[in-house]
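Structure first, then comments.
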Amino acid sequence: MAAPAPPPPDPQFVLRGAHSAVHALHFCDGAEGRPLLLSGLQTRRPLTTLDGHGGQCVTWLHTLPRGPQLLSQGRDLQLCVWDLAEGRNAVVDAVRLENMGFCRASVLGEGPQRWMVAVPGRGNDEVQVLELPSKTSVSCLKPEAGARLGMPMCLQLWQAKSSSRPLLLAGYEDGSLALWDVSTRKVCSRVACHSEPIMGLALDPRRARGVSGSAEKALAVWSLEGQQALQVRGTHELTNPGIADVKIRPDSKILATAGWDHRVRVFQWRTMRPLAVLAFHSATVHCVAFDTAGLLAAGSGDQRISIWSIYPPT
């Protein structure tokens with residue numbers, strides 16, 4: 001008789017005091033190489049509070065590829081650039097967004113001091129790609145007339161090492177996934193991954209393979225053949241509907257999903273074998289994030305952030 005599966009672990013610790021639902025998390029390197037969880041949590045207590053969005057919900061956080069700078073996207077239609085060097089925490093620039101939507105931005109480094117950022121565009125079905133810090137418009141990606149993809153729900157800028165042309169993966173309201181050539185403003189490939197809006201996607205550039213989650217009860221695994229053609233490789237059925245976010249750990253060993261059913265689910269990325277169901281939160285889990293050392297953070301509508309140490313990298 002097979003031994004029973006071990007029970008799922010408890011959180012390593014829990015961060016409280018957010019005073020509102022947690023919609024965005026991002027790990028970066030802090031002082032002395034210790035992981036810093038934005039916004040500003042390092043030793044299980046807030047280090048500082050950064051308020052550049054007038055008290056409005058912050059939906060996306062990301063440190064820029066070079067230098068101690070932070071991007072934050074809020075429901076106040078602002079994309080803020082923060083200077084975090086030498087203990088500073090000031091907004092040094094901002095981009096006015098033209099569409100609130102539900103779509104989180106995505107950033108791609110072009111050089112030591114130049115970045116490309118994709119944000120929701122003026123039209124409900126558009127994506128605007130800008131260059132920072134100049135705020136110059138690189139392109140406006142609008143589906144062909146009659147495509148009826150709906151709103152973009154999640155974005156991932158990407159550039160293969162073998163190419164100089166930036167690409168954008170966009171998940172849409174109709175459940176389809178599109179791969180855009182940012183330079184030509186053309187769709188390279190599009191596939192129907194889901195029957196409901198795509199709420200989150202994650203790309204593994206090393207394997208040219210990714211995963212997406214939606215409002216339905218399934219994850220979709222897909223690949224980029226020749227870095228140009230999308231193909232759905234399979235689906236993984238879930239117990240309950242609704243995935244708000246999905247992340248692949250930096251070592252490409254495991255992935256985690258944030259569920260509407262208050263659960264965090266962990267899978268082996270190569271095989272999609274379920275590894276654990278983390279049941280701690282009492283409301284929708286809106287976001288998950290990995291740090292390079294393997295810590296997993298989850299933010300929820302219950303105003304708490306859970307920190308987990310599971311399947312440490314080897």
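Summary table
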{"quantity": "Amide H contacts of Glu126 (H built 1.01 Å from N, under 5 Å, at least 5 apart or other chain)", "calculated": "Gly121"}
{"quantity": "Difference of contour (0.36 nm per residue) and Cα-Cα distance, Asp251 to Ser164", "calculated": "28.9 nm"}
{"quantity": "Identified option (computed Cα extents along the principal axes in Å; candidates [x] 51, 49, 40; [y] 57, 48, 34; [z] 85, 59, 35)", "calculated": "[y]"}
{"quantity": "Fully extended contour minus Cα-Cα distance, from Cys140 to Asp10, at 0.36 nm per residue", "calculated": "42.3 nm"}
{"quantity": "Cα gyration tensor, the stretch 208-267 - rounded (a/c under 1.5), prolate or oblate", "calculated": "oblate"}
{"quantity": "Positive-end extreme of charge dipole, the stretch 13-309 - chosen from Leu201, Leu275, Ala105 (charges on Cβ)", "calculated": "Leu275"}
{"quantity": "Long-range amide H partners of His262 with built H, under 5 Å", "calculated": "Val285"}
{"quantity": "Nearby aspartates and glutamates by direct alpha-carbon distance to Lys217 (threshold 13 angstrom, same-chain neighbours under 8 apart not counted)", "calculated": "Glu196, Glu237, Asp261"}
{"quantity": "All aspartates and glutamates inside 12 Å of Lys253 as judged from Cα atoms, apart from same-chain residues fewer than 8 positions distant", "calculated": "Asp204"}
{"quantity": "Relative contact order computed over the chain (Cα-Cα under 8 Å; 6+ residues apart), in percent", "calculated": "14"}
{"quantity": "The chain - charge dipole about Cα centre, Lys and Arg +1 at Cβ, Asp and Glu -1, debye rounded to 20", "calculated": "540"}
{"quantity": "Val232 versus Asp93: modelled label distance in nm, points set 7 Å from Cα along the beta carbon direction", "calculated": "4.0"}
{"quantity": "Reachable lysines, given that their alpha-carbon falls under 28 Å from the alpha-carbon of Lys142 and they are not under 8 places away in the same chain", "calculated": "Lys161, Lys186, Lys247"}
{"quantity": "Contour excess over end-to-end distance, with Cα ends at Ser183 and Thr239 and 0.36 nm allotted per residue", "calculated": "16.1 nm"}
{"quantity": "Three-way shape label, the stretch 117-181, alpha-carbon gyration tensor, a/c 1.5", "calculated": "oblate"}
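All of the numbers you see were taken from the coordinates with simple rules; none came from a lab. These numbers come from a predicted model, not from an experiment. Heads up, the Cβs are rebuilt from the backbone with ideal geometry, glycines too, and the neighbour counts pull from every protein chain shown.
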